[in-house]
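The values are calculated or read from the model by the stated rules, or taken from the named source; none is laboratory data. This is a predicted model, so every value here is computed, not measured. Heads up, the Cβs are rebuilt from the backbone with ideal geometry, glycines too, and the neighbour counts pull from every protein chain shown. To get the accessible areas, we keep the full protein, side chains included, count just its heavy atoms, and leave off ligands, DNA and RNA. Shrake-Rupley method; radii C 1.70, N 1.55, O 1.52, S 1.80 Å.
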Amino acid sequence: MGNKAVISKDLILEASYKLVLESGPANLSIRSVAKACGVSVGSIYNYYPTKAMLVADAVGMFWQTSLSKEMFVASSGEDFVTFCERLMHDLEHTIKAFRKSWLSELAALDSESRKEVRARENAAFAHIKRGLVVAIEHDEGINLDVLSSCSVKQGNKPAESLAALVWGVMVSSLQNNDTAYQSLFALMRTALYKN
């Protein structure tokens, strides 16, 4: 019996991510990952039964490495609107990098791969929405009574309703490359804070 190369899912993902950065997600193959890791193709399939899952995790790694933890935490003394402005600025740069390096390549993937990629993106975006809720709840200057009546009708807490609204406008602005979010931020600064 010969020596078997030992590999972990983390090492496979790291090698896959490097390969995607070099040649794009559409060109990633189980065989190329196995070669980069120095293991058999079967070893990769033990962790990643499909290329779609491997590409999706590589995209997930992009979002993890691009979206720093500091982006989701309001700094000491930072109000919610200032936090949103900073978050939007950081997201604009991240989305620009994603569009430049990944978007056209991902469009060329099969439908299963695109579905898996969307699931990883949605997980990253859900994390951002949770960060918005936490920032709202920790901003003692916000008067959430302004939103209480409409939130109760929808069955949500005021902070969740506001976070959903803010995130929706931010995503729309990022998709349309417009500045609609600035109007929302100005309105929030006026409406949410007690004078």
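Relative to the current alpha-carbon distance between Lys194 and Lys115, full extension at 0.36 nm per residue lengthens the span by 24.0 nm.
Ignoring the sites themselves, what is the longest stretch of the chain with no trypsin sites (Lys or Arg not before Pro) in a DSSP loop and at most 10 other beta-carbon atoms within 10 Å? The reported range is 5-193.
Give the carbon-plus-sulfur fraction of the accessible surface of the chain in %, rounded to a whole number; probe 1.4 Å, heavy atoms of protein chains only.
Working: 5970 of 11290 Å².
Carbon plus sulfur share of accessible area: 53 percent.
When Val6, Val146, Val59 are compared by accessible area at a 1.4 angstrom probe, the order from most to least is Val6, Val146, Val59. Between Arg31 and Arg130, the FRET efficiency from the beta-carbon distance, with R0 = 41 Å, is close to 0.60.
The residues neighbouring Ser183, those whose beta-carbon lies less than 13 Å from its own, together hold a net charge of -1 under the Lys/Arg +1, Asp/Glu -1 convention.
Using a Gaussian network model on the chain with a 10 Å cutoff between Cα atoms, which of Thr65, Thr82, Thr94 fluctuates the most? Its mean-square fluctuation being the largest, the pick is Thr65. Taking all protein chains together and a 1.4 Å probe, the residues Leu19, Leu192, Leu103 rank Leu103, Leu19, Leu192 from largest to smallest accessible area.
With a Förster radius of 30 Å applied to the beta-carbon distance between Asn176 and Asn122, the computed FRET efficiency rounds to 0.95.
Checking the cross-link pairs Lys129/Lys194; Lys51/Lys157; Lys96/Lys157; Lys96/Lys129 against a 28 Å limit on the alpha carbon distance flags Lys51/Lys157; Lys96/Lys157 as lying beyond it.
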